[in-house]
Amino acid sequence: MTSAACLAHLGHRVTGVDVDATKISSLSRGEIPIAEPGLGALVAEGLSEGRLAFTTDPDALSRAEVVVLCVPTPTGPEGATELRAFDAAVGSLAEVLDPDCVVAVKSTVPVGTTTRTERLLGRPAVSNPEFLREGHAVHDFLHPDRIVVGATDPTAADLVTALYDGVAAPVLRTDPASAELAKYASNAFLAVKVSYVNVLAELCERLGADIVDVARVMGLDPRIGSAFLAPGPGWGGSCLPKDTRALLHTADEAGVDFALLADTVAANRHQHERVVTKVRQAVTGATDGCLDGLRLGLLGLTFKAGTDDVRASPALAVATRLAEAGAVLTGYDPGIDRDRVAGVVQVVDDVTLVAKDAAGLVVLTEWPEFHDLDWALLAALSERATIVDTRNLLDPELLERAGFAYHGLGR
Ligand code: UGA
(Lines give C-alpha, C1' and ligand atoms only; values in the text may rest on other atoms or scores of the structure.)
Protein backbone atom coordinates (compact mmCIF):
# COMPACT_ATOMS: atom_id res chain seq x y z
CA MET A 1 0.00 0.00 0.00
CA THR A 2 2.64 2.48 1.15
CA SER A 3 5.06 1.47 -1.61
CA ALA A 4 2.35 1.72 -4.28
CA ALA A 5 1.21 5.16 -3.15
CA CYS A 6 4.77 6.49 -2.74
CA LEU A 7 5.97 5.14 -6.10
CA ALA A 8 2.94 6.79 -7.75
CA HIS A 9 3.83 10.02 -5.92
CA LEU A 10 7.34 9.76 -7.40
CA GLY A 11 5.73 9.84 -10.87
CA HIS A 12 5.40 6.14 -11.77
CA ARG A 13 2.22 4.53 -13.07
CA VAL A 14 1.42 1.96 -10.39
CA THR A 15 -1.15 -0.82 -10.12
CA GLY A 16 -1.50 -2.38 -6.67
CA VAL A 17 -2.59 -6.03 -6.86
CA ASP A 18 -3.78 -8.00 -3.84
CA VAL A 19 -5.81 -11.16 -3.26
CA ASP A 20 -7.84 -9.35 -0.54
CA ALA A 21 -10.89 -8.03 -2.43
CA THR A 22 -12.13 -5.99 0.57
CA LYS A 23 -8.81 -4.18 0.87
CA ILE A 24 -8.69 -3.52 -2.88
CA SER A 25 -12.19 -2.08 -3.00
CA SER A 26 -11.60 0.26 -0.03
CA LEU A 27 -8.27 1.41 -1.50
CA SER A 28 -9.96 2.02 -4.87
CA ARG A 29 -12.37 4.34 -3.04
CA GLY A 30 -9.41 6.07 -1.38
CA GLU A 31 -10.11 4.51 2.03
CA ILE A 32 -7.03 3.37 3.96
CA PRO A 33 -7.51 0.35 6.24
CA ILE A 34 -4.61 1.29 8.58
CA ALA A 35 -3.56 4.40 10.49
CA GLU A 36 -0.54 5.71 8.62
CA PRO A 37 0.03 9.50 8.52
CA GLY A 38 0.12 10.95 5.00
CA LEU A 39 -0.87 7.72 3.25
CA GLY A 40 -4.49 8.72 2.64
CA ALA A 41 -3.41 11.94 0.91
CA LEU A 42 -0.95 10.09 -1.35
CA VAL A 43 -3.51 7.43 -2.32
CA ALA A 44 -6.05 10.17 -3.09
CA GLU A 45 -3.43 12.05 -5.16
CA GLY A 46 -2.46 8.91 -7.12
CA LEU A 47 -6.09 7.93 -7.79
CA SER A 48 -7.19 11.40 -8.87
CA GLU A 49 -4.15 11.96 -11.11
CA GLY A 50 -4.61 8.54 -12.73
CA ARG A 51 -1.18 7.18 -11.76
CA LEU A 52 -2.49 4.73 -9.17
CA ALA A 53 -5.03 1.91 -9.43
CA PHE A 54 -5.88 -1.16 -7.36
CA THR A 55 -7.14 -4.53 -8.52
CA THR A 56 -7.34 -8.20 -7.56
CA ASP A 57 -6.59 -9.24 -11.17
CA PRO A 58 -2.96 -10.41 -11.60
CA ASP A 59 -3.31 -9.95 -15.38
CA ALA A 60 -2.98 -6.23 -14.67
CA LEU A 61 0.74 -6.93 -14.18
CA SER A 62 1.24 -8.21 -17.72
CA ARG A 63 2.59 -4.91 -19.05
CA ALA A 64 4.62 -4.00 -15.96
CA GLU A 65 8.31 -3.17 -16.37
CA VAL A 66 8.93 -3.83 -12.68
CA VAL A 67 6.82 -5.90 -10.27
CA VAL A 68 7.45 -5.05 -6.63
CA LEU A 69 6.61 -7.91 -4.24
CA CYS A 70 5.37 -6.63 -0.85
CA VAL A 71 3.67 -9.83 0.33
CA PRO A 72 3.61 -10.47 4.12
CA THR A 73 6.16 -13.03 5.35
CA PRO A 74 5.18 -13.97 8.93
CA THR A 75 7.25 -16.22 11.18
CA GLY A 76 6.03 -19.77 11.75
CA PRO A 77 5.95 -21.52 15.16
CA GLU A 78 9.54 -22.82 14.83
CA GLY A 79 10.90 -19.38 13.92
CA ALA A 80 11.16 -20.17 10.21
CA THR A 81 9.74 -17.57 7.83
CA GLU A 82 6.38 -18.61 6.41
CA LEU A 83 6.66 -18.17 2.62
CA ARG A 84 3.31 -19.61 1.54
CA ALA A 85 1.76 -16.25 0.52
CA PHE A 86 5.03 -15.13 -1.06
CA ASP A 87 5.36 -18.34 -3.09
CA ALA A 88 1.71 -18.12 -4.18
CA ALA A 89 2.30 -14.57 -5.42
CA VAL A 90 5.43 -15.63 -7.31
CA GLY A 91 3.48 -18.56 -8.79
CA SER A 92 0.74 -16.24 -10.03
CA LEU A 93 3.35 -13.99 -11.69
CA ALA A 94 4.88 -16.79 -13.74
CA GLU A 95 1.99 -16.87 -16.21
CA VAL A 96 1.41 -13.15 -16.68
CA LEU A 97 4.70 -11.27 -16.75
CA ASP A 98 6.18 -9.58 -19.78
CA PRO A 99 9.50 -11.26 -20.75
CA ASP A 100 11.51 -8.11 -19.95
CA CYS A 101 9.85 -7.50 -16.56
CA VAL A 102 12.12 -7.32 -13.51
CA VAL A 103 10.89 -8.50 -10.09
CA ALA A 104 11.87 -6.45 -7.02
CA VAL A 105 11.50 -8.24 -3.67
CA LYS A 106 10.50 -5.81 -0.92
CA SER A 107 9.09 -8.43 1.44
CA THR A 108 11.48 -9.38 4.25
CA VAL A 109 12.61 -12.81 3.04
CA PRO A 110 15.21 -15.38 4.14
CA VAL A 111 18.58 -15.31 2.43
CA GLY A 112 18.36 -17.11 -0.89
CA THR A 113 14.70 -16.26 -1.63
CA THR A 114 15.46 -13.62 -4.28
CA THR A 115 17.78 -15.99 -6.15
CA ARG A 116 15.19 -18.76 -5.89
CA THR A 117 12.52 -16.35 -7.25
CA GLU A 118 14.86 -15.49 -10.13
CA ARG A 119 15.25 -19.18 -10.98
CA LEU A 120 11.52 -19.90 -10.67
CA LEU A 121 10.48 -17.02 -12.91
CA GLY A 122 13.39 -17.29 -15.33
CA ARG A 123 14.01 -13.53 -15.20
CA PRO A 124 16.07 -11.17 -13.04
CA ALA A 125 14.93 -10.60 -9.47
CA VAL A 126 16.35 -7.88 -7.24
CA SER A 127 16.36 -7.73 -3.43
CA ASN A 128 15.14 -4.27 -2.44
CA PRO A 129 14.33 -4.41 1.29
CA GLU A 130 12.41 -1.58 2.92
CA PHE A 131 13.11 0.10 6.23
CA LEU A 132 9.77 1.76 7.01
CA ARG A 133 8.72 2.38 10.59
CA GLU A 134 5.01 2.04 11.29
CA GLY A 135 3.55 5.48 11.83
CA HIS A 136 6.34 7.02 9.71
CA ALA A 137 6.14 4.76 6.65
CA VAL A 138 5.42 7.49 4.08
CA HIS A 139 8.14 9.73 5.45
CA ASP A 140 10.64 6.85 5.58
CA PHE A 141 9.83 5.81 1.99
CA LEU A 142 10.33 9.30 0.59
CA HIS A 143 13.26 10.21 2.86
CA PRO A 144 15.11 6.94 3.47
CA ASP A 145 18.51 6.61 5.14
CA ARG A 146 19.55 4.21 2.38
CA ILE A 147 18.24 2.43 -0.70
CA VAL A 148 19.44 -1.17 -0.91
CA VAL A 149 19.62 -2.91 -4.29
CA GLY A 150 20.82 -6.51 -4.18
CA ALA A 151 21.19 -7.99 -7.65
CA THR A 152 23.39 -10.07 -9.90
CA ASP A 153 22.02 -8.54 -13.11
CA PRO A 154 23.29 -4.93 -13.53
CA THR A 155 20.50 -3.90 -15.94
CA ALA A 156 17.86 -5.11 -13.48
CA ALA A 157 19.68 -3.27 -10.67
CA ASP A 158 19.62 -0.06 -12.76
CA LEU A 159 15.90 -0.42 -13.41
CA VAL A 160 15.09 -0.86 -9.69
CA THR A 161 17.44 1.98 -8.70
CA ALA A 162 15.65 4.24 -11.20
CA LEU A 163 12.38 3.71 -9.29
CA TYR A 164 13.84 6.03 -6.66
CA ASP A 165 14.94 8.86 -8.98
CA GLY A 166 14.27 12.06 -7.10
CA VAL A 167 14.79 10.48 -3.68
CA ALA A 168 17.90 11.83 -1.94
CA ALA A 169 19.55 8.81 -0.28
CA PRO A 170 22.70 6.74 -0.73
CA VAL A 171 22.13 3.71 -2.96
CA LEU A 172 23.93 0.60 -1.77
CA ARG A 173 24.38 -1.97 -4.49
CA THR A 174 25.22 -5.45 -3.36
CA ASP A 175 24.42 -9.11 -4.00
CA PRO A 176 20.91 -10.43 -3.16
CA ALA A 177 22.04 -12.46 -0.11
CA SER A 178 23.68 -9.43 1.54
CA ALA A 179 20.65 -7.24 0.86
CA GLU A 180 18.30 -9.85 2.34
CA LEU A 181 20.48 -10.40 5.39
CA ALA A 182 20.96 -6.65 5.97
CA LYS A 183 17.23 -6.25 6.60
CA TYR A 184 17.15 -8.93 9.31
CA ALA A 185 20.45 -7.72 10.73
CA SER A 186 19.14 -4.15 11.08
CA ASN A 187 15.92 -5.06 12.88
CA ALA A 188 17.68 -7.58 15.13
CA PHE A 189 20.32 -5.00 16.02
CA LEU A 190 17.61 -2.54 17.07
CA ALA A 191 16.17 -5.29 19.30
CA VAL A 192 19.62 -5.88 20.83
CA LYS A 193 19.94 -2.15 21.55
CA VAL A 194 16.57 -1.93 23.33
CA SER A 195 17.14 -5.13 25.33
CA TYR A 196 20.58 -3.82 26.32
CA VAL A 197 19.11 -0.61 27.69
CA ASN A 198 16.25 -2.50 29.39
CA VAL A 199 18.72 -4.67 31.32
CA LEU A 200 20.81 -1.59 32.12
CA ALA A 201 17.65 0.05 33.51
CA GLU A 202 17.26 -2.86 35.93
CA LEU A 203 20.88 -2.45 36.96
CA CYS A 204 20.33 1.30 37.47
CA GLU A 205 17.50 0.56 39.90
CA ARG A 206 19.75 -1.77 41.93
CA LEU A 207 22.65 0.70 41.96
CA GLY A 208 20.75 3.95 42.48
CA ALA A 209 21.67 5.30 39.02
CA ASP A 210 19.33 6.96 36.50
CA ILE A 211 18.95 5.19 33.12
CA VAL A 212 17.81 8.41 31.46
CA ASP A 213 21.13 10.07 32.27
CA VAL A 214 23.14 6.92 31.52
CA ALA A 215 21.48 6.62 28.08
CA ARG A 216 22.00 10.31 27.41
CA VAL A 217 25.73 9.97 28.08
CA MET A 218 25.95 6.85 25.89
CA GLY A 219 23.89 8.36 23.07
CA LEU A 220 26.11 11.40 22.64
CA ASP A 221 28.86 9.07 21.43
CA PRO A 222 28.23 9.01 17.66
CA ARG A 223 29.49 5.42 17.54
CA ILE A 224 26.53 4.44 19.75
CA GLY A 225 23.87 6.98 18.75
CA SER A 226 20.96 8.13 20.90
CA ALA A 227 18.13 6.32 19.09
CA PHE A 228 16.66 3.12 20.54
CA LEU A 229 18.07 3.73 24.01
CA ALA A 230 14.74 4.36 25.75
CA PRO A 231 13.80 1.59 28.20
CA GLY A 232 10.24 0.33 28.13
CA PRO A 233 8.08 -2.75 28.60
CA GLY A 234 10.02 -4.55 25.85
CA TRP A 235 10.23 -4.34 22.07
CA GLY A 236 7.29 -5.57 20.01
CA GLY A 237 5.30 -4.97 16.85
CA SER A 238 4.99 -6.92 13.66
CA CYS A 239 8.67 -6.67 12.66
CA LEU A 240 11.31 -6.82 15.43
CA PRO A 241 10.00 -10.00 17.15
CA LYS A 242 9.42 -11.78 13.81
CA ASP A 243 12.77 -10.79 12.32
CA THR A 244 14.89 -11.60 15.39
CA ARG A 245 13.33 -15.07 15.54
CA ALA A 246 13.83 -15.58 11.81
CA LEU A 247 17.49 -14.50 12.02
CA LEU A 248 18.03 -16.86 14.95
CA HIS A 249 16.49 -19.64 12.89
CA THR A 250 18.74 -18.79 9.92
CA ALA A 251 21.83 -18.77 12.16
CA ASP A 252 20.79 -22.08 13.64
CA GLU A 253 20.35 -23.66 10.23
CA ALA A 254 23.72 -22.29 9.13
CA GLY A 255 25.35 -23.77 12.25
CA VAL A 256 26.26 -20.37 13.72
CA ASP A 257 25.85 -19.87 17.47
CA PHE A 258 24.04 -16.52 17.82
CA ALA A 259 23.67 -16.68 21.62
CA LEU A 260 23.75 -12.87 21.74
CA LEU A 261 20.48 -12.75 19.83
CA ALA A 262 18.91 -15.61 21.81
CA ASP A 263 19.75 -13.68 25.00
CA THR A 264 18.20 -10.56 23.50
CA VAL A 265 14.92 -12.43 23.00
CA ALA A 266 15.12 -13.91 26.52
CA ALA A 267 15.82 -10.44 27.96
CA ASN A 268 12.67 -9.18 26.25
CA ARG A 269 10.55 -11.87 27.89
CA HIS A 270 12.21 -11.08 31.21
CA GLN A 271 11.30 -7.42 30.68
CA HIS A 272 7.58 -8.25 30.62
CA GLU A 273 8.00 -10.14 33.92
CA ARG A 274 10.04 -7.33 35.39
CA VAL A 275 7.31 -4.78 34.68
CA VAL A 276 4.82 -7.05 36.45
CA THR A 277 7.14 -7.29 39.48
CA LYS A 278 7.52 -3.53 39.46
CA VAL A 279 3.75 -3.08 39.43
CA ARG A 280 3.41 -5.56 42.32
CA GLN A 281 6.02 -3.63 44.31
CA ALA A 282 4.47 -0.23 43.56
CA VAL A 283 0.90 -1.25 44.28
CA THR A 284 1.32 -3.69 47.21
CA GLY A 285 4.70 -2.66 48.65
CA ALA A 286 6.25 -6.11 48.05
CA THR A 287 7.80 -7.69 44.94
CA ASP A 288 5.73 -10.82 45.57
CA GLY A 289 2.61 -8.90 46.66
CA CYS A 290 -0.77 -10.27 45.67
CA LEU A 291 -2.57 -8.59 42.75
CA ASP A 292 -5.61 -10.86 42.94
CA GLY A 293 -8.78 -8.83 42.49
CA LEU A 294 -6.96 -5.47 42.33
CA ARG A 295 -8.12 -2.98 39.71
CA LEU A 296 -5.32 -1.71 37.50
CA GLY A 297 -5.61 0.94 34.78
CA LEU A 298 -3.43 0.59 31.68
CA LEU A 299 -2.47 3.67 29.67
CA GLY A 300 -1.46 2.61 26.16
CA LEU A 301 -1.99 -0.79 24.51
CA THR A 302 -0.38 -0.40 21.06
CA PHE A 303 3.19 -1.66 20.58
CA LYS A 304 4.42 1.93 20.33
CA ALA A 305 2.86 5.38 20.08
CA GLY A 306 1.59 6.78 16.78
CA THR A 307 0.04 3.55 15.52
CA ASP A 308 -3.18 1.55 15.92
CA ASP A 309 -1.24 -1.72 15.88
CA VAL A 310 -1.46 -4.11 18.84
CA ARG A 311 0.29 -7.05 17.13
CA ALA A 312 2.95 -8.48 19.47
CA SER A 313 2.44 -5.46 21.69
CA PRO A 314 4.58 -5.55 24.86
CA ALA A 315 1.70 -3.72 26.55
CA LEU A 316 -0.53 -6.72 25.93
CA ALA A 317 2.21 -9.16 26.99
CA VAL A 318 2.40 -7.31 30.32
CA ALA A 319 -1.41 -7.14 30.53
CA THR A 320 -1.69 -10.89 30.04
CA ARG A 321 0.73 -11.55 32.89
CA LEU A 322 -1.06 -9.06 35.16
CA ALA A 323 -4.39 -10.74 34.38
CA GLU A 324 -2.86 -14.16 35.12
CA ALA A 325 -1.85 -12.74 38.51
CA GLY A 326 -5.53 -11.94 39.12
CA ALA A 327 -5.56 -8.19 38.39
CA VAL A 328 -8.72 -6.69 36.87
CA LEU A 329 -7.63 -4.55 33.92
CA THR A 330 -9.10 -1.48 32.26
CA GLY A 331 -7.21 0.07 29.35
CA TYR A 332 -7.22 3.33 27.42
CA ASP A 333 -5.32 4.00 24.21
CA PRO A 334 -5.80 7.04 21.95
CA GLY A 335 -4.84 4.97 18.88
CA ILE A 336 -7.40 2.19 19.00
CA ASP A 337 -11.15 1.65 19.03
CA ARG A 338 -12.83 0.02 21.97
CA ASP A 339 -13.70 -3.15 20.09
CA ARG A 340 -10.16 -3.76 18.78
CA VAL A 341 -8.71 -5.48 21.85
CA ALA A 342 -10.74 -8.20 23.38
CA GLY A 343 -9.72 -10.54 26.17
CA VAL A 344 -7.78 -9.62 29.25
CA VAL A 345 -8.31 -5.84 29.11
CA GLN A 346 -11.59 -3.99 29.19
CA VAL A 347 -10.89 -1.14 26.76
CA VAL A 348 -12.62 2.18 27.42
CA ASP A 349 -12.81 5.45 25.45
CA ASP A 350 -12.84 7.66 28.53
CA VAL A 351 -9.56 7.87 30.44
CA THR A 352 -11.28 8.68 33.74
CA LEU A 353 -12.79 5.17 33.70
CA VAL A 354 -9.26 3.76 33.74
CA ALA A 355 -8.40 5.64 36.91
CA LYS A 356 -11.70 5.14 38.73
CA ASP A 357 -11.08 3.06 41.89
CA ALA A 358 -7.77 1.81 40.45
CA ALA A 359 -5.13 0.47 42.83
CA GLY A 360 -2.55 1.61 40.27
CA LEU A 361 -2.02 3.00 36.78
CA VAL A 362 0.58 1.63 34.38
CA VAL A 363 1.86 3.65 31.39
CA LEU A 364 2.76 1.10 28.69
CA THR A 365 2.87 3.16 25.47
CA GLU A 366 4.57 6.53 25.05
CA TRP A 367 1.61 8.53 23.67
CA PRO A 368 2.47 12.26 23.92
CA GLU A 369 -1.25 12.90 24.62
CA PHE A 370 -0.73 11.47 28.11
CA HIS A 371 1.23 14.61 29.07
CA ASP A 372 -1.98 16.63 28.84
CA LEU A 373 -4.20 14.42 31.00
CA ASP A 374 -5.79 15.95 34.10
CA TRP A 375 -3.53 14.10 36.51
CA ALA A 376 -4.98 15.68 39.65
CA LEU A 377 -8.43 14.42 38.63
CA LEU A 378 -7.05 10.95 37.84
CA ALA A 379 -5.30 10.83 41.23
CA ALA A 380 -8.53 11.85 42.99
CA LEU A 381 -10.47 9.11 41.18
CA SER A 382 -7.90 6.41 41.95
CA GLU A 383 -8.04 4.28 45.02
CA ARG A 384 -4.27 4.30 45.67
CA ALA A 385 -2.93 7.02 43.27
CA THR A 386 0.11 4.98 42.31
CA ILE A 387 1.59 5.09 38.83
CA VAL A 388 4.23 2.94 37.13
CA ASP A 389 5.55 4.74 34.05
CA THR A 390 7.34 2.02 32.02
CA ARG A 391 8.25 4.53 29.28
CA ASN A 392 9.62 7.27 31.56
CA LEU A 393 7.23 9.50 29.64
CA LEU A 394 5.84 11.71 32.37
CA ASP A 395 7.39 14.35 34.61
CA PRO A 396 7.81 12.72 38.06
CA GLU A 397 7.53 16.04 39.93
CA LEU A 398 4.34 17.01 38.12
CA LEU A 399 2.79 13.62 38.88
CA GLU A 400 3.79 13.82 42.53
CA ARG A 401 2.33 17.32 42.80
CA ALA A 402 -0.90 15.90 41.30
CA GLY A 403 -0.98 13.38 44.16
CA PHE A 404 0.56 10.26 42.62
CA ALA A 405 3.28 8.02 44.02
CA TYR A 406 5.38 7.91 40.82
CA HIS A 407 7.58 4.96 39.75
CA GLY A 408 9.68 5.29 36.58
CA LEU A 409 11.78 2.54 35.02
CA GLY A 410 15.50 2.41 35.81
CA ARG A 411 15.64 5.58 37.87
C1 UGA B 1 10.84 -1.58 12.67
C2 UGA B 1 12.14 -0.86 12.23
O3 UGA B 1 12.41 0.23 13.11
C4 UGA B 1 12.02 -0.33 10.79
O5 UGA B 1 13.27 0.23 10.38
C6 UGA B 1 11.67 -1.51 9.88
O7 UGA B 1 11.55 -1.11 8.54
C8 UGA B 1 10.35 -2.10 10.33
O9 UGA B 1 10.50 -2.58 11.69
C10 UGA B 1 10.02 -3.26 9.42
O11 UGA B 1 10.73 -4.25 9.42
O12 UGA B 1 9.12 -3.11 8.57
P13 UGA B 1 8.48 -0.76 13.63
O14 UGA B 1 8.04 -2.19 13.64
O15 UGA B 1 7.54 0.28 13.14
O16 UGA B 1 9.81 -0.60 12.74
O17 UGA B 1 8.87 -0.46 15.14
P18 UGA B 1 10.05 0.36 15.87
O19 UGA B 1 9.84 1.81 15.74
O20 UGA B 1 11.36 -0.19 15.42
O21 UGA B 1 9.81 -0.07 17.40
C22 UGA B 1 9.92 -1.44 17.78
C23 UGA B 1 9.69 -1.62 19.25
O24 UGA B 1 10.80 -1.16 20.02
C25 UGA B 1 8.47 -0.92 19.82
O26 UGA B 1 7.78 -1.78 20.69
C27 UGA B 1 9.06 0.27 20.56
O28 UGA B 1 8.26 0.75 21.59
C29 UGA B 1 10.35 -0.34 21.08
N30 UGA B 1 11.38 0.67 21.41
C31 UGA B 1 11.96 1.40 20.42
C32 UGA B 1 11.77 0.83 22.73
O33 UGA B 1 11.25 0.16 23.66
N34 UGA B 1 12.75 1.75 23.03
C35 UGA B 1 13.35 2.50 22.06
O36 UGA B 1 14.24 3.30 22.40
C37 UGA B 1 12.93 2.32 20.73
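The values are calculated or read from the model by the stated rules, or taken from the named source; none is laboratory data. The shown structure was predicted, so the numbers you read here are calculated from the model rather than taken from an experiment. Quick reminder, even Gly has a Cβ in these numbers, built from the backbone with ideal geometry, and neighbours come from all protein chains shown. Each accessible area value is taken on the protein alone, full model and side chains, heavy atoms only, with ligands, DNA and RNA left out. Shrake-Rupley method; radii C 1.70, N 1.55, O 1.52, S 1.80 Å.
Could you give the dipole magnitude of segment 281-411 about its Cα centre, charging the beta-carbon of Lys and Arg +1 and that of Asp and Glu -1, in debye to the nearest 20?
Using only the charged Cβ atoms, the result is roughly 300 debye.
Amide H of L69 versus every other amide H placed in the peptide plane: which residues, excluding those fewer than 5 positions away on the same chain, fall under 5 Å?
A104, V105, K106, S107
What distance in nm separates the two pseudo spin-label positions at A325 and T161, each 7 Å out from Cα along the beta-carbon direction?
Result for the modelled spin labels: 5.5 nm.
Mean-square fluctuation check for the chain, GNM, Cα pairs under 10 Å: which of E65, E78, E36 is largest?
Highest fluctuation of the listed residues: E78.
Rounded to the nearest 20 Debye, what is the dipole magnitude of the chain about its Cα centre when Lys and Arg each give +1 and Asp and Glu each give -1 at the C-beta?
So the magnitude is around 520 debye.
Evaluate the Debye formula for segment 2-69 with equal point scatterers sitting on the alpha carbons, no solvent, and hand back log10 of I(q)/I(0) at q = 0.18, 0.19, 0.22 Å⁻¹, in q order, two decimals.
With no solvent term, the Cα-only Debye profile gives -0.61, -0.68, -0.92.
For segment 117-273, what is the convex hull volume of the alpha-carbon atoms per residue, in Å³?
In segment 117-273, the Cα convex hull volume per residue is 145 Å³.
Expressed in nm to one decimal, what extension gain is obtained for the pair H136 and S226 from 0.36 nm per residue of sequence separation less their Cα-Cα distance?
Going from the current span to full extension adds 30.6 nm.
Calculate how many DSSP beta bridges within the chain are antiparallel, expressed in % of all such bridges and rounded to the nearest 5.
5 percent
Suppose only helical runs count, i.e. DSSP H with n ≥ 4. What mean residue ellipticity at 222 nm does that imply for the chain under -39500 (n - 2.57) per run, divided by all residues and rounded to the nearest 500 deg cm²/dmol?
-12500 deg cm²/dmol
Using a Gaussian network model of the chain whose springs link C-alpha atoms within less than 10 Å, name the residue from L97, L361, L120 with the highest mean-square fluctuation.
Answer for the Gaussian network model of the chain: L120.
Say the dipole of the chain comes from +1 at the beta carbon of Lys and Arg and -1 at that of Asp and Glu; which of P233, T2, A80 then lies farthest toward its positive end?
Going by the Cα projections, it comes out as P233.
In square nanometres and to one decimal, what's the mean projected area of the convex hull around the Cα atoms of segment 340-411?
It is 4.9 nm².
If you wrap a convex hull around the alpha carbons of segment 240-302, what volume per residue comes out, as a whole number of Å³?
Details: hull volume 7.1 nm³, N = 63.
Normalising the Cα hull of segment 240-302 by residue number yields 112 Å³.
Whole number in Å², please: accessible area per residue of segment 206-297, 1.4 Å probe, ligands, DNA and RNA not counted.
Averaged over the residues of segment 206-297, the accessible area is 52 Å².
Using every alpha carbon pair in the chain, what percent of pairs falls into each 20 Å bin from 0 up to the bin containing the largest distance?
Final binned percentages: 24, 51, 23, 1.
State which entries of K242/K356; K193/K278; K23/K304; K23/K193 exceed 29 angstrom in Cα-Cα distance in the structure shown.
Distance filter (> 29 Å) returns K242/K356; K23/K193.
Defining a contact as two alpha carbons under 8 Å apart and six or more residues distant in sequence, what relative contact order in percent does the chain show? Write out the running numbers ahead of the final one.
On the way: 788 pairs, mean separation 47.6, N = 411.
12 percent.
Find, to one decimal place in angstroms, the Kirkwood hydrodynamic radius of segment 285-411, where the mean of 1/r is taken over every pair of different Cα atoms and then inverted.
14.4 Å
Give me the percent of accessible area attributable to carbon and sulfur for segment 66-117, probe 1.4 angstrom.
56 percent
What number does segment 165-253 give for Rg over Rh if you use C-alpha atoms and the Kirkwood radius?
Rg divided by Rh gives 1.07.
Take the Cα atoms of segment 329-372, find their three principal axes, and give me the spread along each one in whole Å, biggest first.
27, 24, 16
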